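Engineer: Mind looking over this structure? Questions follow.
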Amino acid sequence: NIGIILDFQGDSDKAIEYYFKALEINNNDADCYYSIGRIYLKKANYDQAENFFKKAIEINPKDSDSISCLAIIAEIKGQINEASELYTKSKDINNWKKEEYFCLGKSKYQENNINDAIDCFKECLNINSKDSEAHYYLSLCYNQQDRYEDAIRELNYVVALDPKNANAYKHLGI
């Protein structure tokens with residue numbers, strides 16, 4: 001796909017041109033809408049990206065990648081509840097990767113839904129036990145629940161995995 005190659009090479013404007021040419025031939029290609037949305041998302045043109053992801057979902061309601069991207073946009077716009085709902089919808093459609101669990105966990109944490117956040121960060125760590133950020137956020141969750149020994153244990157994991165993580169040291173010192 002020329003659009004993918006051009007985007008990978010950094011010529012996103014030319015890539016979009018090719019995607020639009022493809023859409024002239026087949027305007028029901030959800031992948032093209034998704035690809036254009038990803039380019040606009042990378043350019044921080046969130047409204048344009050959102051429109052293309054919504055069109056991709058209109059064509060393919062089970063497009064979990066587009067749904068996850070809409071969740072990212074909602075999170076960026078501060079629409080935490082909507083982001084959380086979209087991440088959950090994406091999870092229900094598709095087997096998730098570590099990054100998606102991490103994003104949902106952050107949304108749940110920001111919503112102060114700590115138990116669900118803990119579940120997400122634990123899922124993230126089940127996939128990759130050496131994810132220092134997941135350990136860090138898990139420590140924040142435990143701290144919110146006054147589970148200080150668990151929080152300290154997680155922060156010690158963070159320091160062991162990422163010795164330059166200033167936030168972990170700061171929280172250990174508090």
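The values are calculated or read from the model by the stated rules, or taken from the named source; none is laboratory data. What you see is a predicted model, and the numbers here were worked out from it, not measured in a lab. Cβ atoms come from the backbone with ideal geometry, glycine included; neighbour counts cover every protein chain shown. Surface accessibility is based on the protein's heavy atoms, side chains included, excluding ligands, DNA and RNA. Shrake-Rupley method; radii C 1.70, N 1.55, O 1.52, S 1.80 Å.
Engineer: Can you name the condition, by its number, that residue 27 falls short on among (1) open to solvent by 80 Å² or more (accessible area, probe 1.4 Å); (2) within 25 Å of residue 74 (Cα to Cα)?
Structural biologist: (2)
Engineer: Could you list all residues from the stretch 108-119 that are part of a helix (DSSP H, G or I) and of a type outside the set (Ser, Thr, Tyr)?
Structural biologist: 108, 110, 114, 115, 116, 117, 118, 119
Engineer: Checking the structure you have, find out if any residue of the stretch 12-24 is open to solvent by 50 Å² or more (accessible area, probe 1.4 Å) and aliphatic (A, V, I, L, M).
Structural biologist: No.
Engineer: While we're looking at this one, here's another question. Could you list all residues from the stretch 128-137 that are open to solvent by less than 20 Å² (accessible area, probe 1.4 Å) and farther than 11 Å from residue 101 by Cβ?
Structural biologist: Hit for the stretch 128-137 is 135, nothing else.
Engineer: For the stretch 12-50, give me each residue that is under 24 Å from the mean Cα position of the chain (by Cα) and part of a loop (DSSP other than H, G, I, E, B).
Structural biologist: Once the filter is applied, which keeps residues that are under 24 Å from the mean Cα position of the chain (by Cα) and part of a loop (DSSP other than H, G, I, E, B), the stretch 12-50 yields 29, 43, 44, 45.
Engineer: Of everything in the stretch 151-162, what is of a type in the set (Gly, Ala, Ser) and open to solvent by 30 Å² or more (accessible area, probe 1.4 Å)? Give them in sequence order.
Structural biologist: If the condition is that a residue be of a type in the set (Gly, Ala, Ser) and open to solvent by 30 Å² or more (accessible area, probe 1.4 Å), then 160 is the only one that fits.
Engineer: Of all residues in the stretch 1-11, which are open to solvent by less than 40 Å² (accessible area, probe 1.4 Å) and of a type in the set (D, E, K, R)?
Structural biologist: Answer for the stretch 1-11, where residues must be open to solvent by less than 40 Å² (accessible area, probe 1.4 Å) and of a type in the set (D, E, K, R): just 7.
Engineer: Let me ask something additional. Of all the residues that make up the stretch 51-84, how many are part of a helix (DSSP H, G or I), farther than 26 Å from residue 18 by Cβ and not aliphatic (A, V, I, L, M)?
Structural biologist: Residues meeting the conditions: 4.
Engineer: Quick test for you: out of 122, 91, pick the one residue that is in a helix (DSSP H, G or I), closer than 19 Å to residue 71 by Cα and open to solvent by 30 Å² or more (accessible area, probe 1.4 Å).
Structural biologist: Of the residues listed, the single one that is in a helix (DSSP H, G or I), closer than 19 Å to residue 71 by Cα and open to solvent by 30 Å² or more (accessible area, probe 1.4 Å) is 91.
Table: residues versus (1) more than 25 Å from residue 66 (Cβ to Cβ); (2) open to solvent by 60 Å² or more (accessible area, probe 1.4 Å); (3) in contact (Cβ under 8 Å) with a residue 60 or more places away in the chain; (4) not in a helix (DSSP H, G or I).
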| residue | (1), (2), (3), (4) |
| --- | --- |
| 86 | no, no, no, no |
| 100 | no, no, no, no |
| 106 | no, no, no, no |
| 126 | yes, yes, no, no |
| 139 | yes, no, no, no |
| 149 | yes, yes, no, no |
| 164 | yes, yes, no, yes |
